[in-house]
Amino acid sequence: KPCPLCDEAKEVLEPYKRRFILQEVDITLPENSAWYDKYKYDIPVFHLNGKFLMKHRVDIQKFEDQLSKLELHND
């Protein structure tokens, strides 16, 4: 379905696309019903490295901080 907030989030994250892999999940699909039950009123939702990070809008400072920590840990 159209998701203007999702589109906006993807635009904000675009400059970082070389530093992480964006995996989009359509929570309306039957196989994603657990995500739908959990987040149906909170999209978009962002997890980084399997852990909840933020919802509704990109908090770019929080994202940059957590991404940098992951990169330092993996080096």
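The values are calculated or read from the model by the stated rules, or taken from the named source; none is laboratory data. On a predicted model such as this, the values are computed, not experimentally measured, just so you know. Note that each Cβ is placed from the backbone with ideal geometry, even for glycine, and that neighbours are counted across all protein chains shown. Calculation scope for accessible area: heavy atoms of the full protein, side chains included, ligands and nucleic acids excluded. Shrake-Rupley method; radii C 1.70, N 1.55, O 1.52, S 1.80 Å.
Among the conditions (1) free of Cβ contacts under 8 Å to residues at least 24 places away in the same chain; (2) loosely packed, with under 12 Cβ neighbours inside 10 Å, the only one that Glu71 does not satisfy is (1).
Which of the residues that make up the stretch 31-68 are touching a His at 6+ places or on another chain (Cβ under 9 Å) and touching a residue at least 24 places away in the same chain (Cβ under 8 Å)? Once the filter is applied, which keeps residues that are touching a His at 6+ places or on another chain (Cβ under 9 Å) and touching a residue at least 24 places away in the same chain (Cβ under 8 Å), the stretch 31-68 yields Ile43, Pro44.
Out of the residues in the stretch 1-51 that are of a type in the set (S, T, N, Q) and assigned to a helix (DSSP H, G or I), which is least open to solvent (accessible area, probe 1.4 Å)?
Applying the first criterion (of a type in the set (S, T, N, Q)) to the stretch 1-51 yields 23, 28, 32-33, 49.
Then keep just the ones that are assigned to a helix (DSSP H, G or I); that gives 32-33.
On the way: Asn32: 30, Ser33: 60 Å².
The residue in question is Asn32.
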